[in-house]
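What follows is a single structure, written as structure tokens, with notes after it.
Every number here is computed from the coordinates shown, using simple stated rules; none is lab data. In this text the structure is predicted, and so the values were computed from the model without any measurement. Glycine gets a Cβ as well: all are built from the backbone with ideal geometry, and neighbour counts include every protein chain shown.
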Amino acid sequence: KKLRAIVPATTANLGAGFDTFGLALSLYNEFEVEEHDGVVIETIPDNPFLKTPEKNLFVQVLKYACERRGKTFHGAKVKQITNVPVARGLGSSATAIVAAILISATVSKVELTDDLFFEIAYRFEPHPDNLLPAWKGGFITALLQNKKTYYQHIDFPQDIKAVVVIPDFELSTEKARAVLPEKISLKDGVFNVQRASLFISALVNKQYDILKIAMDDRFHQPYRKKLIPGFDEVISNALEAGALGASLSGAGPTVLALAIEKFDDIGKAMIEGFEKHSIKADYKVLEVDK
Ligand code: HSE
């Protein structure tokens, strides 16, 4: 019997909501599993790295989920269809983790509670702002405190789309976190709290003209942009071309713009920003995954 999980890409932070906000997007990774002795992995498109069981996160999570139930993992035949680009700030690892947890819960016929989900998921990635929207869909605000995760889902306006501009280089979350400062000033703290609060209020009240201010950030983008040639220009080009707001997607290097119109103009303008700095990029216009 084949089991299948389809899990969306996610964009975390959305500017001021560093380590807090996450949004699921209409770009999906698919994972299909059959019982099998030994691990066999088929990848579409072909990816030698993902075909190595020890390096395949989906297989590693499946194995862990099986072993924590006291069972021996005998293997699996896995078909992995990857549409979410890897190490670009679009939550590709979260898709593998969430898919493996969903499938293992089905196999073992257990109810997938929050406690069970996080117990497994956090062994592999500590970011609820990616994991939760990948699991639940939509827009989520989350925090992790004393091993407990608190989160809320709020309706994201369906008329807003995401233009994601994906440069052709990888950036690991580890590297993008290593450049962050240990401490930030009270002034910057206030700056972000004000904007993150305004972001939520603007969504709830559909006051889209505020998003531009609300998506500014002083916690991570000023530091991470050193790793992303052209970042400032890509953001300002997005806004000039008609985006409501723009930010780094997750830990980057993808840049996200939110918009209700002119999606292609915005995507092209953002690509030009990267090209000025000799970086090739592609854009996609995505909906919010509910
Ligand atoms: N909030 C996390 C970060 C997301 O920005 O580092 C990592 O995917």
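Of K79/K290; K55/K161; K206/K284; K187/K280, which pairs sit farther than 31 Å apart, going by alpha carbon to alpha carbon? Those over the limit are K55/K161; K187/K280. Relative intensity of region 2-117 on a log10 scale, I(q)/I(0) at q = 0.12, 0.17, 0.23 Å⁻¹, equals -0.43, -0.84, -1.34, per a Debye sum over C-alpha point scatterers of equal strength in the absence of solvent. Rounded to the nearest 10 degrees, the inclination of helix 231-240 to the longest alpha-carbon principal axis of the chain is 70 degrees.
Computed on the Cα trace of the chain, the radius of gyration divided by the Kirkwood hydrodynamic radius gives Rg/Rh = 0.98.
Between 0 and 90 degrees, the angle of helix 92-107 with respect to the longest Cα principal axis of the chain falls at about 40 degrees.
Centre-to-centre separation between the Cα atoms of region 73-103 and those of region 265-281: 29 Å. Under a 5 Å amide H cut-off, with hydrogens placed 1.01 Å from N, A87 pairs with S92, S93 among residues at least 5 apart or on other chains.
Relative to the dominant Cα principal axis of the chain, helix 114-124 is inclined by about 80°.
Counting only Cβ charges, +1 for Lys and Arg and -1 for Asp and Glu, the dipole size of the chain around its Cα centre is about 640 debye. The label point for S172 and the one for I154, both projected 7 Å from the Cα toward the Cβ, are 3.5 nm apart. Summary of the geometry: region 104-118 and region 225-264, compared by the centres of their Cα atoms, lie 37 Å apart. Determine the calculated [θ] at 222 nm for the chain from helices alone, applying -39500 (n - 2.57) to every DSSP H run no shorter than 4 residues and normalising by the residue count; nearest 500 deg cm²/dmol. For the chain, the value works out to -10500 deg cm²/dmol.
Simple point charges give the picture: +1 on the Cβ of Lys and Arg, -1 on the Cβ of Asp and Glu, and for region 139-276 a dipole about the Cα centre of about 680 debye.
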